[in-house]
1. On the given criteria, is Thr103 surrounded by 13 or more Cβ atoms within 10 Å (Cβ to Cβ) and assigned to a helix (DSSP H, G or I)?
2. Quick check on region 42-88: of everything there that is of a type in the set (Ser, Thr, Tyr) and part of a helix (DSSP H, G or I), which residue is modelled with the lowest pLDDT?
3. Looking only at region 142-173, how many residues end up being without any contact (Cβ under 8 Å) to a residue 12 or more places away in the chain and over 29 Å from the mean Cα position of the chain (by Cα)?
4. Inside region 108-125, can you point out the residues that are surrounded by fewer than 18 Cβ atoms within 10 Å (Cβ to Cβ) and aliphatic (A, V, I, L, M)?
5. Hey, among Glu84, Glu60, Glu94, Glu33, which residue is under 30 Å from Asn158 (Cα atoms) and more than 25 Å from the chain's Cα centre (by Cα)?
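The values are calculated or read from the model by the stated rules, or taken from the named source; none is laboratory data. Values in this document were obtained by computation on a predicted structure and should not be read as measured data. Counting neighbours? That spans all protein chains shown, and the Cβs are built from the backbone with ideal geometry, glycine included.
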Amino acid sequence: MTADHQFQPSDNPAAGEEPVDVAALKAALEAAEVRALENKDLYMRALAELENVRKRSAREVEQAHKYAVDRFANDLIGVKDSLELGVDASGNIETLRAGTEATLKLLSKAFEKAGLVEIQPQGETFNPELHEAMVAQPSAEHVSNTVLQVVQKGYQLNGRLLRPARVIVAREP
């Protein structure tokens, strides 16, 4: 080798080594950089889409909370109208009673549509998950732990307890 010639790694490969192809390495690097930019773009798009889904879900949940009782409220408007008619026509006791019964039917239908169910445990075995014992009364005619009387009805909404039934329970004399 002469002094004016600089040594290049590809000039004198060591035994068993292949010469380094700089052009191929540059091409592979450029291809990797292109793939990296494409992946970054895909990542940014996915991130933006995820944020849009999150915002849309939050809006939908807010709307669901805001209008959850919409149908129930519409049903209750009919009940209120019926009560107002009853107040206005309160001259005859039979008419008032019939109007009150009709109003109660409207309210029961509204409850049923909304998934609101009465707990009326008269004669059933006391269940502390659904009933609240107000008094334990001695009774020779009833089995111990049986509901003798319902003081206040309970309610469930779609299977979830809203208010336990308040009851009087039989106990041994």
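1. When the stated conditions are applied, Thr103 passes them.
2. By that ranking, first place goes to Ser82.
3. 0
4. Matches in region 108-125: Ala114, Leu116, Val117.
5. Result: Glu84 is the single residue among Glu84, Glu60, Glu94, Glu33 that is under 30 Å from Asn158 (Cα atoms) and more than 25 Å from the chain's Cα centre (by Cα).
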